[in-house]
Amino acid sequence: MEMKPADLEKHILNLSQELQNFQEIAQNVKPSPGELPALQGIDIYGESLPLAGIIGGDHIIYIDFKKRFDLDARIREAVRSRRPAVARRLENLKHNAAILVADVAGHRITDALLAAMLHQAFLLGVHYELCISGEISTRLFESINARFYQSSMVGKYITMLYGEISSDGTFRFISAAHPAPVIFSYEFNRFVEICPDRLVSFPPIGTMPSREDVDARRLPSPLGLKERYTVNELSLMGHHDILILYTDGLADLTNPEGRRFFPDRLQELLRQVKDQPARDICATIRQDLKEFGESGDDISFVIIKRN
């Protein structure tokens with residue numbers, strides 16, 4: 001039955017209001033400037049540029065363990081309950097900061113729903129992980145992967161990289177089909193090669209259950225089973241070295257002449273701004289991205305610089 005003009009106008013208005021409401025909810029899970037980790041010897045800043053201009057499928061989460069959690073209270077509780085190993089791990093977190101970068105397949109505004117689901121599942125899991133073991137382990141990501149496998153479509157998967165940077169420049173991370181991090185060496189003035197053995201990656205979140213999942217046999221999986229997550233480790237050996245985390249929107253950006261932004265153009269920029277703080281480096285990259293060419297995807301990147 002054909003809608004009357006007045007009914008159609010009302011329907012469109014309702015849809016517009018619902019979309020605005022969704023945008024406001026999704027924007028509330030975006031990181032605020034106050035969430036940026038303050039870690040001695042490490043400078044961190046990131047940018048997310050949604051294709052739709054407001055929100056999209058890319059997502060960044062920062063955790064400054066000292067600011068977000070009362071680590072001393074948790075350590076006292078672990079000591080009281082005779083869990084010295086947990087207390088030691090919590091003490092170590094005082095020297096660590098965490099970054100999660102995720103990319104939902106798709107860049108429409110409504111793809112931010114999956115990013116918001118990941119956001120809440122991850123942060124809830126972090127609370128349990130710190131209470132149980134005093135650290136964020138691969139067990140959390142096995143659980144997240146299993147939950148998304150059971151609740152999302154095959155075509156709506158998520159690539160993700162979660163890593164922890166320590167004040168000594170060590171970066172430990174897991175990757176679920178996410179673009180590999182890169183290191184710009186201050187001394188050599190270029191990106192340095194990273195051994196593939198330190199860049200092990202796994203299937204996207206939600207595409208297949210883990211071989212180690214005790215419930216796996218109850219979950220039909222046409223793509224098979226994935227192996228248990230393992231942790232990679234990199235090191236910012238030199239002062240002022242720069243570690244970059246990013247989504248494939250940055251890796252795939254090409255200008256009208258067919259030149260790719262990554263890695264050559266980005267490397268040229270870093271040579272010019274490598275002495276600047278992470279916030280200013282991000283600002284320069286952001287401006288150059290706008291001038292380089294029109295993107296067809298969300299773009300996110302995080303600069304981690306050793307001071």
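The values are calculated or read from the model by the stated rules, or taken from the named source; none is laboratory data. Please read these numbers as outputs of a predicted model, since none were measured by experiment. Using ideal geometry, Cβ is built from the backbone for each residue, glycine included, and neighbour counts are taken over all protein chains shown.
Say we look at segment 92-112 and pick out the residues that are of a type in the set (D, E, K, R) and surrounded by 20 or more Cβ atoms within 10 Å (Cβ to Cβ); which of these is modelled with the highest pLDDT? Out of the qualifying residues, it is D103. Residues of segment 74-104 that are in contact (Cβ under 8 Å) with a residue 24 or more places away in the chain, of a type in the set (V, I, T) and farther than 23 Å from L161 by Cβ: V86 alone.
Any idea which of R89, R76 is in a helix (DSSP H, G or I) and either touching a Ser or Thr at 6+ places or on another chain (Cβ under 9 Å) or crowded, with 21+ Cβ neighbours inside 10 Å (or both)? Write out each step before concluding.
Numbers: R76 fails: either touching a Ser or Thr at 6+ places or on another chain (Cβ under 9 Å) or crowded, with 21+ Cβ neighbours inside 10 Å (or both).
Criteria check complete, one pass: R89.
Among the residues of segment 283-307, the one identified as in a helix (DSSP H, G or I) and touching a Phe, Trp or Tyr at 6+ places or on another chain (Cβ under 6 Å) is F292. With respect to the stated conditions, D241 fails to be modelled with pLDDT under 95 and surrounded by 17 or more Cβ atoms within 10 Å (Cβ to Cβ).
Restricting attention to segment 174-231 and to residues that are under 16 Å from the mean Cα position of the chain (by Cα) and assigned to a strand (DSSP E or B), the residue that is nearest to I158 (Cα to Cα) turns out to be I205. Applying the condition of being crowded, with 18+ Cβ neighbours inside 10 Å and of a type in the set (S, T, N, Q) to segment 265-307 and asking which residue is nearest to T170 (Cα to Cα) yields S300. Restricting to segment 33-73, name every residue that is among the hydrophobic types (A, V, I, L, M, F, W, C) and part of a helix (DSSP H, G or I). Correct list: F65, L71, A73.
The one condition from (1) modelled with pLDDT under 90; (2) in contact with a strand residue (DSSP E or B) (Cβ under 7 Å, 6 or more places away or on another chain) that D213 does not meet is (2). The number of residues in segment 232-282 that are out of contact with any helix residue (DSSP H, G or I) (no Cβ under 7 Å at 6 or more places or on another chain), part of a helix (DSSP H, G or I) and free of Cβ contacts under 8 Å to residues at least 12 places away in the same chain comes to 2.
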